[in-house]
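We did not get these values from a lab; they are worked out from the coordinates using the rules stated. Bear in mind that the values here come from a model prediction, so they are computed numbers and not experimental data. All Cβ positions, glycine included, derive from the backbone under ideal geometry; neighbour counts span all protein chains shown.
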Amino acid sequence: MNNVVKITSVKRESHDTRTFRFTFDKDAKAGQFVMVWVPGIDEIPMSLSSVRGKKSITVKAIGDATNAINKLEKGNYIGIRGPYGNGFSVEKSKNILIVGGGVGVAALMPLVRMTGSDTIIGARNKAEIIMKSDIERYSENVWVSTDDGSYGFKGNAVDLMKKKMKEKEYDLIVACGPEIMLYYVHKACTDASVDCQLSLERFMKCGAGLCGSCVMDGMRICEDGPVFNSEEITELKELGRFKRSPSGKKVKL
Amino acid sequence: MNALATHIGNLRLERPGMVASGIMDETGGSMIRMLSLGAGAVVTKSIGSVTKEGHINPTFIEYPFGYLNAMGLPNPGIDEFADEMKDAVKAGVIIGSVFASSPKEFAELAVKMETYKASAVELNLSCPHAKGYGIEMGTDPDLVFKIVSAVKNAVKIPVHAKLTPNTHIITDIGKAVQDAGGDAVVAINTLKAMSISPEFARPVLSNKFGGLSGPALRPVGVRAIYDLRNALEIPLIGVGGIYDHRDAIEYIMAGADAFQVGSAIGKDINVLKKINAGLENFMKEFGYSSIEKMVGAAHE
């Protein structure tokens, strides 16, 4: 069913990113997503940035729907259906390194709260860093990379990740962020023989495993994913190379 | 002997369950995956002459009793679709679904599907949510006769026509398919329906109307197949709300030679495998040596 929920609080994360909290009484796991309806505009998939008690989504204003959401205030309503997808499964891992790029950090927040694992925040520059103080409440080691060096490590999140993997032994890397970053996270993990779980993204219509609009090599991002492990990612030949337009047309990335 | 084999006219399927059009069938990779998971055939997404993005989201609503969707026939266009077909047809039986706004356009699309080596073509005469297509054509027996005739004249592969339940004359439409030389009737497509958000005081689907699928649709579809079996000689393919082998058997006993599964795939990608196993056990227990022995068993 399509639930309509009232926004109970709005938190500014950066100049263009906000977290919206709402009451949504369904069990959700770290790494799952919901379909968010903004009437008259669109309905889009958004990862949950908190899954216990009140749920939240963290939205960077990029397109029509995300811009519309970012204008909403406490007391406004949005449509929510889900949660969908498999979520992360980290039960067997001891030493996890969490790597978030851009607004991808938000999708990892539930996992940070759950595990308190070492975390890398990747951002283009200082102004784009989100959720750092939140993460520091749970994780002892929080490192930041910025492409322009305006804060923390100068370089991208993957370079910083490789550095940290040399300094300490991790048995699982969990990452969410731009596809090109994830492509290289997977490559680095394969080279180092470390397992990884990556949260992927595609244009979606149903979100529930039916329509096939989000498939990558026959795998449904919405239902078989959005989280895939290292072995599964190896089979996804379209990752970092092709995506599907709303018509299903194969488009080069 | 393979007890699960069935025939739709001359088209032999090793397993009686197909993937219905619109479900996991827009890409070669998806179709190959479904064939490997127990499908006897995969019907492609409905393909038109040109690229179509479909309706803006929301295009989909979940209910406890099924789904409401108005995808709006998104598809890459028949020429782009060649690439998706290339590998898929090597993996098994692919039936090419097409939609068009005239008999001539249907025929052109069917010819393309034939050159792509589709085993049959399925004419979408029943989409409830795309203006100028689907049920706007598929509820007129004369027009259906013209469409099926035009396609039959253009291709050698079998021609199946998928009908809508949004009519009181489904058997007349079925007869038009048969009279035009159609090789099989597929029934049913989704039921035209809508949902309104009380909080926002507006329809939820961007297209306002959509098609209802899933368990709620099953008794409607079973009735349609039962009536069509009484009215027609040509093979029937049952579709609508099949989730397990007993659901499939309802359709078979109503008169369907084969069946299609759609909505059930969302929550269980292995559903066709499970249905196949369920069918085999049922047939052993109740003494049916083949699917064909069960076809129409509920008729006197």
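Points worth noting:
- Each of B:HIS168 and B:SER289 was given a label point 7 Å from its Cα along the Cα-to-Cβ line. The distance between the two points is 4.6 nm.
- For region B:182-288, GluC sites (Glu not before Pro) meeting the loop criterion (DSSP other than H, G, I, E, B) and having at most 10 other Cβ atoms within 10 Å: B:GLU233.
- The relative contact order of chain B, computed from alpha carbon pairs under 8 Å that lie at least 6 residues apart in sequence, is 19 percent.
- Dividing the summed -39500 (n - 2.57) terms of all DSSP H runs of n ≥ 4 by the residue count of chain A sets its mean residue ellipticity at 222 nm at -6000 deg cm²/dmol.
- With the convex hull of its Cα atoms as the shape, region A:192-253 has an orientation-averaged projected area of 4.1 nm².
- By the Cβ-Cβ criterion of under 4.7 Å, the unpaired cysteines of the protein assembly as shown are A:CYS176, A:CYS214, A:CYS222, B:CYS127.
- In this structure, B:ASP87 and B:LYS274 have a Cβ-Cβ separation that, at R0 = 22 Å, corresponds to a calculated FRET efficiency of about 0.25.
- Candidate aspartates and glutamates for bridging to B:LYS52, where Cα separation is under 18 Å - those fewer than 8 sequence places away on the same chain excluded: A:ASP42, B:ASP25, B:GLU26, B:ASP79, B:GLU80, B:ASP83, B:GLU84, B:GLU105, B:GLU108
- 18 Å cut-off, amide nitrogen to a point 7 angstrom out along A:GLU232 Cα→Cβ, residues in region B:261-275: B:265-271
- Other residues within the sphere of radius under 14 Å centred on the Cβ of B:LYS52, judged by their own Cβ, net out at 0 (K and R +1, D and E -1).
- Whole-number Å³ per residue for the convex hull built on Cα positions in chain A: 121 Å³
- A:SER14 sits among other residues whose Cβ lies under 13 Å from its own Cβ, and their net charge, with Lys and Arg +1 and Asp and Glu -1, is +3.
- With the convex hull drawn around the C-alpha atoms of region B:219-288, the volume per residue stands at 79 Å³.
- Rg [Å, one decimal], Dmax [Å, integer] - region B:6-294, C-alpha atoms: 17.5, 55
- Principal axis extents of the Cα atoms in the protein assembly as shown, from largest to smallest and rounded to whole angstrom, are 76, 52, 44.
- Shown is the FRET efficiency for B:ALA5 and A:ASP195, computed with R0 = 35 Å from the Cβ-Cβ distance and rounded to the nearest 0.05: 0.25.
- Region B:212-288, relative contact order in percent, only Cα pairs under 8 angstrom and at least six apart counted: 30 percent
- Each label point was placed 7 Å from the Cα along the Cα-to-Cβ direction; for B:GLU199 and A:THR8 their separation is 1.3 nm.
- Beta-bridge orientation, chain B: approximately 40 percent antiparallel, per DSSP, counting only bridges with both partners inside.
- Between A:SER133 and A:LYS163, the simple label model (points 7 Å from Cα in the Cβ direction) yields a spacing of 2.5 nm.
- Under 9 Å, Cβ to Cβ, from A:SER145 - net charge with Lys/Arg +1 and Asp/Glu -1: -1
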